[in-house]
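Engineer: Got a structure for you, written out below as C-alpha cells; questions coming shortly.
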Amino acid sequence: MRFVDTWTSATLLATRDLTADVREFLLRPDAPVASFAPGSHINVGVDIGGRPETRSYSLIGEADPQGLRIAVRRAPDSRGGSRYMWQLAPGARLDITLPTSQFQIDWMRPHYCLIAGGIGITPILGIAQVLARRHADFVVHYAVRSRRDAAYLRELQEMPGSRLVLHAGDEGGRLDLAAVFRELPPQAMTLFCGPMRMLDAARHAFLAAGRPLADLSYETFGSSGLLPTEPFRVRLADAGAEFVIPSDRSMLDVLNEAGHEVISDCRRGECGVCAIDVVGIDGEIDHRDVFFSDHQKRENRKICPCVSRARGVLTVDTLHRTQAA
C-alpha cells in the first residue's frame with residue numbers, strides 16, 4: 001500500500017495556548033527526527049472512549065532540535081481527537097508516526113500563493129518559512145473568523161519577504177478566491193490547506209480562472225465536511241445488518257469492528273481504496289474525501305467510509321465493489 005506508516009513513541013514536553021481554541025504541543029520522539037519536508041504531518045494515536053484511534057496533525061514550521069510541534073484546534077463537534085489532546089499534560093507518552101507530506105511542491109516556480117483557512121495555517125507556516133529563506137516571491141492569504149483566532153500571526157508578520165494578507169471575517173475581510181486567482185502571475189503555484197467547504201470553493205474558482213489543477217496542491221481536514229458531524233445509520237444490503245455510526249467514530253471503523261471488513265489505506269479520504277457502493281440514501285451524504293470528482297460526488301454511487309458521513313440512513317454494499325473510477 002502507498003500509505004505505510006512508521007510508528008515511534010514520543011513524550012509531550014510542553015503545551016502553549018496560541019488562541020482561545022488552538023493549543024500547540026511540543027513532542028520529543030524517542031527516535032530523533034533530523035528533518036522533514038515542508039508541509040509534513042504526523043499521525044498520533046489517541047484514545048476515544050477507551051478505543052485506540054488515529055488522528056493526523058500538521059507539523060509547525062521547520063525541523064526544530066527541541067522536537068516536533070503540532071497545533072490542535074479544540075472542536076466541540078469533532079470525533080473526539082481534540083478533546084483527547086487537550087486533556088494531555090507535559091510528560092504524557094504518545095505513539096506517533098514519522099513525518100510525511102502529501103503536498104506536491106515545485107520549488108522552481110516564479111511565484112507562490114499560499115492560502116490557509118483557520119487551523120490550516122499549520123502546514124502553510126513551514127512552507128512559507130522555506131520560501132522566505134529561499135528569497136522566493138510569495139504571498140500568504142490567511143482567512144480567519146477574527147484576528148484573535150489567527151494562530152502564528154506574529155510569526156507570519158515578521159517573516160522576511162512575506163506578503164501576508166489577513167482576511168478577518170469580523171473586520172469585513174472576506175477572502176475573494178476568484179479575485180486572488182485571477183490576479184496570479186503566470187506559472188504561479190498555489191498551496192492550500194483549509195476546511196472542505198473552502199477547498200471546494202478554491203477548486204471551482206481555480207478552474208474558473210482558467211488555471212490547471214496541476215498548479216494547485218492542497219491538504220484538507222480529514223474530519224471537515226459540509227454537514228454537522230452527527231450520528232447516522234448504515235444498512236448493509238449484502239448482510240442485512242444495520243449500525244449506528246456515532247459522532248466520534250468513522251463508518252470504516254464501525255464496519256470493520258463489526259466484522260464487515262473494508263480494506264483501506266490512507267484513512268484521510270485521499271486514496272479511494274476504501275470506497276464502497278451506495279445502494280440507497282434516505283437523507284444526505286456528506287462527501288468529505290478529496291478522491292472523488294464533483295461529478296462522482298453528485299452521483300452518490302460510492303462513498304469513502306474513512307472520512308465521509310451522512311445524515312439519515314445510508315444503505316451500502318461492502319462485498320460487491322468495483323474499482324473506483
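The values are calculated or read from the model by the stated rules, or taken from the named source; none is laboratory data. Nothing here was measured: the structure is a model prediction, and the numbers come from that model. FYI the Cβ positions are ideal-geometry reconstructions off the backbone, even for glycines, and counts take in every protein chain you see.
Engineer: So which of SER223, SER247 ends up being closer than 20 Å to ILE121 by Cβ, in contact with a Lys or Arg (Cβ under 9 Å, 6 or more places away or on another chain) and at pLDDT below 95? Walk me through it before giving the result.
Structural biologist: Numbers: SER247 fails: closer than 20 Å to ILE121 by Cβ.
Sole residue among the options that is closer than 20 Å to ILE121 by Cβ, in contact with a Lys or Arg (Cβ under 9 Å, 6 or more places away or on another chain) and at pLDDT below 95: SER223.
Engineer: From the list ALA214, ALA202, ALA239, which one is out of contact with any Asp or Glu (no Cβ under 8 Å at 6 or more places or on another chain), at negative phi and without any contact (Cβ under 8 Å) to a residue 40 or more places away in the chain?
Structural biologist: On the way: ALA202 fails: without any contact (Cβ under 8 Å) to a residue 40 or more places away in the chain; ALA239 fails: without any contact (Cβ under 8 Å) to a residue 40 or more places away in the chain.
The unique qualifying residue is ALA214.
Engineer: If you scan the stretch 84-110, which residues turn out to be out of contact with any strand residue (DSSP E or B) (no Cβ under 7 Å at 6 or more places or on another chain) and farther than 20 Å from THR54 by Cβ?
Structural biologist: Those that are out of contact with any strand residue (DSSP E or B) (no Cβ under 7 Å at 6 or more places or on another chain) and farther than 20 Å from THR54 by Cβ: ALA89, TRP107, MET108, PRO110.
Engineer: Name, by its number, the condition in (1) of a type in the set (Lys, Arg); (2) modelled with pLDDT under 95; (3) buried (at least 20 other Cβ atoms within 10 Å of the Cβ) that does not hold for ARG23.
Structural biologist: (2)
Engineer: Step by step: first the residues of the stretch 1-41, then only those that are among the basic types (Lys, Arg), in contact with a strand residue (DSSP E or B) (Cβ under 6 Å, 6 or more places away or on another chain) and touching a residue at least 12 places away in the same chain (Cβ under 8 Å), then the one that is farthest from GLY67 (Cα to Cα). Which residue is that?
Structural biologist: Of the stretch 1-41, the ones among the basic types (Lys, Arg) are 2, 16, 23, 28.
Remaining after also requiring in contact with a strand residue (DSSP E or B) (Cβ under 6 Å, 6 or more places away or on another chain): 16, 23, 28.
When the remaining residues are screened for being touching a residue at least 12 places away in the same chain (Cβ under 8 Å), the result is 23, 28.
Details: ARG23: 16, ARG28: 5 Å.
That would be ARG23.
Engineer: Here are the criteria: (1) touching a residue at least 24 places away in the same chain (Cβ under 8 Å); (2) surrounded by fewer than 17 Cβ atoms within 10 Å (Cβ to Cβ). Tell me which single one THR190 does not satisfy.
Structural biologist: (2)
Engineer: Right, another one. For the stretch 206-222, what are the residues that are more than 18 Å from ARG174 (Cβ to Cβ) and part of a loop (DSSP other than H, G, I, E, B)?
Structural biologist: Within the stretch 206-222, GLY210, ARG211, PRO212, PHE221, GLY222 meet the criteria.
Engineer: Might you let me know whether the stretch 54-66 holds any residue that is of a type in the set (Phe, Trp, Tyr), over 29 Å from VAL273 (Cβ atoms) and in contact (Cβ under 8 Å) with a residue 24 or more places away in the chain?
Structural biologist: Scanning the stretch 54-66 turns up no residue that is of a type in the set (Phe, Trp, Tyr), over 29 Å from VAL273 (Cβ atoms) and in contact (Cβ under 8 Å) with a residue 24 or more places away in the chain.
Engineer: Continuing with this model, one more query. For the stretch 81-105, name all the residues that are at pLDDT 95 or above and either in a loop (DSSP other than H, G, I, E, B) or within 30 Å of ARG163 (Cβ to Cβ) (or both).
Structural biologist: Selection gives GLN87, LEU88, ALA89, PRO90, GLY91, ALA92.
Engineer: Follow-up question, since we're still on this one. Residues to consider are PHE138, PHE103; find the one that is farther than 27 Å from VAL46 by Cα and either within 22 Å of the chain's Cα centre (by Cα) or hydrophobic (A, V, I, L, M, F, W, C) (or both). Outline the logic, then answer.
Structural biologist: On the way: PHE103 fails: farther than 27 Å from VAL46 by Cα.
Only one candidate passes the filter, namely PHE138.
Engineer: Can I ask one more? All but one of (1) under 30 Å from ALA188 (Cα atoms); (2) in a loop (DSSP other than H, G, I, E, B) hold for TYR57; state the number of the condition that does not hold.
Structural biologist: Unmet condition: (2).
Engineer: Checking SER78 against (1) in a loop (DSSP other than H, G, I, E, B); (2) among the small types (Gly, Ala, Ser); (3) modelled with pLDDT of 90 or more, which single condition isn't satisfied?
Structural biologist: (3) is the only condition that SER78 fails.
Engineer: So, in the stretch 246-260, how many residues would count as being over 24 Å from PRO228 (Cα atoms), crowded, with 18+ Cβ neighbours inside 10 Å and among the small types (Gly, Ala, Ser)?
Structural biologist: Total meeting the criteria: 0.
Engineer: Run down VAL130, VAL139 and say which single residue is of a type outside the set (Lys, Arg), surrounded by fewer than 22 Cβ atoms within 10 Å (Cβ to Cβ) and touching a Cys at 6+ places or on another chain (Cβ under 8 Å). Give the derivation first.
Structural biologist: Working: VAL130 fails: touching a Cys at 6+ places or on another chain (Cβ under 8 Å).
The conditions single out VAL139.
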